[in-house]
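The values are calculated or read from the model by the stated rules, or taken from the named source; none is laboratory data. Remember, predicted model here, so these are calculated numbers, not experimental data. Virtual Cβ from ideal backbone geometry, glycine too; neighbours counted across all protein chains shown.
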Amino acid sequence: MPAASRGHTMTSMPTAMIDIQLVNRPITPEIKSFEALVAGVGGGECVFLGRTRIDSHPEHGQLLRLDYEAYASMAETVLRDLAKQAVESFGCMAVRVHHALGEVPPGEVSVMVQVVCGHRDKAFAACRFLIDELKAKAPIWKREQWADESTWSAGQVVKT
């Protein structure tokens, strides 16, 4: 039975909203709603917040903060391309990726990924795709500042 005959209205979706930001501070975890953009058609919204956790190193002591650096123009391009891939692959109506640069102390947010899709399964998959690919492909580097030393977080090898 066609969707329209089951009581569903067929609507064309506007172009997906994409919001990519690199900010020189921890991310403010106030989740801005996409409600006005996707009212009535976005059934699943998923948000991932990556926080600096309290940690200690056996040789270097307590974790004081994470310091993020990036090749900003390239990172923004990579994040925008990943957002477009999520739109195409998962039918996202809206994608937001914000990443902190500079110091992020324990308890603060380093990264936020937020997506809206028609259904929850696509929203969860798109959110997971975005955080995993961001960590693998975006030129954003994390230095761990311990009480007695600093170390660079190991990156992932990306096969092309």
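The set of residues in the stretch 55-90 that are outside any strand (DSSP E or B) and buried (at least 17 other Cβ atoms within 10 Å of the Cβ) comprises Ala75, Glu76, Val78, Leu79, Leu82, Ala83, Ala86, Val87, Phe90.
The single condition among (1) at pLDDT below 95; (2) within 20 Å of Val47 (Cβ to Cβ) that Ala123 does not satisfy is (1). Can we say Asp148 is in contact (Cβ under 8 Å) with a residue 12 or more places away in the chain and part of a loop (DSSP other than H, G, I, E, B)? Yes: the conditions hold for Asp148. If you go through the stretch 91-109 and pick out every residue that is assigned to a loop (DSSP other than H, G, I, E, B) and either buried (at least 20 other Cβ atoms within 10 Å of the Cβ) or in contact with a helix residue (DSSP H, G or I) (Cβ under 8 Å, 6 or more places away or on another chain) (or both), you end up with 4.
For the stretch 38-71, filtering for residues that are under 15 Å from the mean Cα position of the chain (by Cα) and among the acidic types (Asp, Glu) leaves 1. Scanning the stretch 98-113 turns up no residue that is within 13 Å of the chain's Cα centre (by Cα) and among the charged types (D, E, K, R).
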